[in-house]
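J.: So that we are looking at the same thing, I have put the structure below in structure tokens.
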Amino acid sequence: MPDLRELYQEVILDHHKRPRNFGPLPEGNRHAKGHNPLCGDRLTVHAQVADGIIRDVRFEGAGCAISRASASLMTDAVKGRPVAEAQRLFEEFHRMVTVGVDDEIEASLGKLSVFCGVREFPSRVKCASLAWHTLRSALGDGRDASTE
Amino acid sequence: MNPGVGLGASSVGAGPRVRPFDPASVVPDFPVLSQLVHGKPLSYLDNAATTQKPLAVVEGISHFYLHDNANIHRGVHLLSERATAAYEGARQAVQRFINAREAREVVFVRGTTEAINLVAQSLVRSGLKEGDEIVVSVLEHHSNFVPWKMAAEATGARLRVVPITDAGDLRLDQYERVLTSRTRIVALGHVSNALGTVNPVAEIVRLAHERGIPVLIDGAQAVAHLPVDVQAIDCDFYAFSGHKLYGPTGIGVLYGKAGRLDALPPWQGGGDMIRSVTLERVDYNTLPAKFEAGTPDIAGAIGLEAAIRYLEGLDRAAAFAHEEELLGYAIERLERVPGVRLVGRGAPRTSIVSFVMDEIHPHDIGTILDGEGVAIRAGHHCCQPLMHRLGLGATARASFAFYNRKEDVDRLADALDRVREVLG
């Protein structure tokens, strides 16, 4: 088995225990709910977007260590960035946890690269990507997101 | 263990070939168990999802394809005659195993889900209507909930859901209230797949029959762990899957009392289910062919018979006693693991222990246990209404079979310490 420490890295455990940007966002103007039918996990992503920039982003909900840490790290990563850049991050993140990316792209993902070990655990890919699917819905049509 | 279900000689191996039961000696009968996963010995504790198959089942299927393969019924050649005899022989094996009165009361389907859909959809075709009611319980697996919900939505009938206690026991007193002249059928699981609770099915059948209401029992989690005698339970329908009974996937059984099955219209049309077809008119076949449209899973039925014969060769009463002992031991061990809370404390129970662990998500528990070679299931167990009732999103579930041993339980408990190490 790939080492569990590859999956449950310190950064992930830290964000799981002390999630950043957790809670409601009253001034948010973009919202979406996400659902992982596999495990029943649900989370909500709120974003405040102005002039094409994600001014603030927060999330709520319950889930496993991987999905919670992923939501937490995602909010840190996209806050203050243009919407288009968040979309690009989503695509690269998704490639990293499914098929893998080269070292250069992995490095460009910064802290998000702690999720590279997820690729070795196919049953957990959806946990890592739920928050991202939900963010994309919030930035797009606002419809409920699902990992299925 | 379950009132109304006796240890009938027909369903518990008592023949001359029965060998004394010893959990260690049956393990080699299941080749898949003797492997390392992630470099560790496998402790397979996901038996409620599917059981492993003894070599006899694998060989039975393989023998059919290597020597006897042909389509059944109406064949005039030797192979077809052999295949037909084997398929119908499997039906008789099932009849014997569940003590059905007649072989034609055994309908082969894909599994429990298809069996329940068959009854639900046939009920729709037989005139289920607005004002009618269908009674289920909050314990049900989605497969014994969604087909009824669909039938209700298609006809305007109403679904009545019997509640449970906080301990996970069915509120028996509620049946007295919900069973009325409007009730068309009661559907109930024999054993809860999420909690392992054994429901008093014979008693509920009695309550329903007093009012002339038929009862369908979802036996998916029961057949492998309890002696099931459909005549003693007196249910009108009993559904189960082959793959949870040490047989192959793709084959299952709908038992129905001949009178009840005769009264239902077929739900799928095709070959084999007809007596005659003209451009103007179709006459349906008799039981059980009426409900077996198209070429069935012949090899699956043969594999199921091989599983039944394997079980008949065991001292099943001793195997059940061993499973009960394992469950008791698991409860005792898990209760001592810091942070673990068992879900569903109702009695009697069988073969399943569901638990949560502090704030640790069951999916994380499952992944870490897998790394230790311990296979369990984590999630809502296709019981979202039940999880909602219990105020949980998911649980971790260990489920046992007679080939499991105390050391598997020890490895589970030890691996839970590892979960705490990684995530605590």
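J.: If you take the beta carbon distance between residue B:410 and residue B:78 as r and set R0 to 45 Å, what does 1/(1 + (r/R0)^6) give as a FRET efficiency, to the nearest 0.05?
T.: According to the calculation, E is roughly 0.25.
J.: To the nearest hundred square angstrom, how large is the accessible surface buried between B and A, total for both chains, probe 1.4 angstrom?
T.: 1500 Å²
J.: For a quick check: with amide H placed at 1.01 Å from N, whose amide H comes under 5 Å from residue A:62's, ignoring anything fewer than 5 positions away on the same chain?
T.: A:42
J.: Which whole-number value in Å² is the accessible area per residue of the stretch B:193-296, probe 1.4 Å?
T.: 33 Å²
J.: What FRET efficiency would be calculated for the residue pair residue B:234, residue B:126, taking the C-beta separation as r and a Förster radius of 22 Å, to the nearest 0.05?
T.: According to the calculation, E is roughly 0.50.
J.: Per DSSP H run of at least 4 residues, take -39500 (n - 2.57); add these up for chain B, divide by its residues and hand me the 222 nm value, nearest 500 deg cm²/dmol.
T.: Rounded to the nearest 500, the figure is -11000 deg cm²/dmol.
J.: In sequence order, what are the phi-derived ³J(HN,Hα) couplings for the stretch B:79-91 according to the Karplus relation 6.51 cos²θ - 1.76 cosθ + 1.60 with θ = phi - 60°, rounded to whole Hz, with x for glycine and proline?
T.: Along the stretch B:79-91, the couplings run 4, 5, 5, 5, 4, 4, 4, 5, 5, 6, x, 5, 4 Hz.
J.: Another question, if that's okay. With the solvent-accessible surface defined on protein heavy atoms using a 1.4 Å probe, which residues belonging to the stretch A:1-34 display a reduction of at least 10 Å² in accessible area in the multichain context relative to the isolated chain?
T.: So the qualifying set is A:1, A:4, A:5, A:8, A:13, A:16, A:17.
J.: While we're here: How would B:281, B:420 rank on accessible area, largest to smallest, probe 1.4 Å?
T.: Reading off the accessible areas and sorting them downward yields B:281, B:420.
J.: Moving on. Taking amide hydrogens as modeled 1.01 Å from N in the peptide plane, which residues meet the under 5 Å criterion relative to residue B:109, leaving out close sequence neighbours?
T.: Close amide H contacts, sequence-distant or interchain: B:252, B:253, B:254.
J.: Here is a further query. Using the membrane-span-like helix rule (whole DSSP H runs, Cα extent along the own axis of at least 18 Å, mean Kyte-Doolittle hydropathy at least 0.5), which helices of chain A qualify?
T.: Counting only whole DSSP H runs, the qualifying helices are A:65-78, A:125-139.
J.: The stretch A:59-119 to the stretch B:330-393: how many Å between their Cα centroids?
T.: 30 Å
J.: Okay, moving on. Determine the order of B:286, B:295 by accessible area, beginning with the largest, at a probe radius of 1.4 Å.
T.: Heavy-atom accessible area, descending, gives B:295, B:286.
J.: With contacts defined as alpha carbon pairs under 8 Å and 6 or more residues apart, what's the relative contact order of chain A in percent?
T.: In percent, rounded to a whole number, it is 30.
J.: Work out, in µm²/s and without decimals, the Stokes-Einstein translational diffusion coefficient of the protein assembly as shown at 4 °C, 1.567 mPa s, Rh from Kirkwood over C-alpha pairs.
T.: D, rounded to a whole number, is 50 µm²/s.
J.: Right, another one. Going by amide H atoms built from the backbone, whose H comes under 5 Å of the H on residue A:32, apart from near neighbours?
T.: Residues meeting the amide H criterion: A:45.
J.: Test of understanding: what is the full-extension gain from residue B:171 to residue B:276, defined as 0.36 nm times their sequence separation minus their Cα-Cα distance?
T.: Result: 33.0 nm gained on full extension.
J.: Still on this structure: Of B:237, B:21, B:402, which is the most mobile in a GNM of chain B whose springs link Cα atoms less than 10 angstrom apart?
T.: It is B:21.
J.: To continue, here is another question. Show me the trypsin sites (Lys or Arg not before Pro) within the stretch B:88-181 that DSSP assigns to loop and that have at most 12 other Cβ atoms within 10 Å of their Cβ.
T.: B:101, B:129
J.: How much solvent-accessible surface does residue B:50 expose, in Å² to the nearest 10, with a 1.4 Å probe and all protein chains in place?
T.: 40 Å²
J.: OK, next. Just the number, please: percent antiparallel of the DSSP beta bridges in the stretch B:57-312, rounded to the nearest 5.
T.: Just about 50 percent of them are antiparallel.
J.: Sort largest first and round to whole Å: the equivalent ellipsoid semi-axes of chain B, each the square root of five times a Cα gyration tensor eigenvalue.
T.: The equivalent ellipsoid of chain B has semi-axes of 35, 28, 19 Å.
J.: Across bins of 5 angstrom width beginning at 0, how are the C-alpha pair distances of the stretch A:4-140 distributed, in whole percent?
T.: 2, 11, 23, 25, 22, 12, 4, 1, 0
J.: I've got another one for you. Percent relative contact order of chain B, based on C-alpha pairs within less than 8 angstrom and at least six residues apart?
T.: Once divided by the residue count of chain B, the mean separation gives 24 percent.
J.: How much length would be gained if the chain were fully extended between residue B:37 and residue B:325, taking 0.36 nm per residue of separation minus their Cα-Cα distance, in nm to one decimal?
T.: Stretched out fully, the residue B:37 to residue B:325 stretch lengthens by 101.1 nm.
J.: Which pairs break 20 Å Cα to Cα here: B:129/B:149; B:149/B:257; A:126/B:53; B:53/B:290?
T.: Cα-Cα > 20 Å for B:149/B:257; A:126/B:53; B:53/B:290; rest within.
J.: Right, another one. Can you tell me how the stretch B:383-424 classifies by the Cα gyration tensor, rounded, prolate or oblate, using a/c under 1.5 as the rounded cut?
T.: It is oblate, given that a/c is not under 1.5 and a/b is not larger than b/c.
J.: Of the residues B:216, B:159, B:392, which exhibits the maximal mean-square fluctuation in a Gaussian network model of chain B defined by a 10 Å Cα contact cut-off?
T.: Checking each option, the largest mean-square fluctuation is seen for B:392.
J.: Sequence gap at least 6, Cα distance under 8 Å: using those rules, report the relative contact order of the stretch B:172-317 to the nearest whole percent.
T.: It rounds to 16 percent for the stretch B:172-317.
J.: Mind pulling up the Rg/Rh value for the stretch B:8-158? Radius of gyration and Kirkwood radius, both on Cα.
T.: Ratio of gyration radius to Kirkwood radius: 1.06.
J.: Taking every eigenvalue of the Cα gyration tensor of the stretch B:19-102, multiplying by 5 and rooting it, what semi-axes result, largest first, whole Å?
T.: Semi-axes from the Cα gyration tensor: 33, 18, 11 Å.
J.: Roughly how many nanometres apart are two label points built 7 Å out from the Cα toward the Cβ at residue A:120 and residue B:67?
T.: My value for the distance between the label points is 4.7 nm.
J.: Ignoring ligands, DNA and RNA, what percent of the 1.4 Å accessible area of chain B is carbon and sulfur?
T.: Carbon with sulfur: 52 percent of the solvent-accessible area.
J.: Short version: what are the Cα gyration tensor semi-axes of the stretch B:188-304, square root of 5 times each eigenvalue, largest first, in whole Å?
T.: 29, 20, 9
The values are calculated or read from the model by the stated rules, or taken from the named source; none is laboratory data. Bear in mind the structure is a predicted one, so any value in this text is a computation, not a measurement. Heads up, the Cβs are rebuilt from the backbone with ideal geometry, glycines too, and the neighbour counts pull from every protein chain shown. Only protein heavy atoms, including side chains, enter the accessible area calculation; ligands, DNA and RNA are left aside. Shrake-Rupley method; radii C 1.70, N 1.55, O 1.52, S 1.80 Å.
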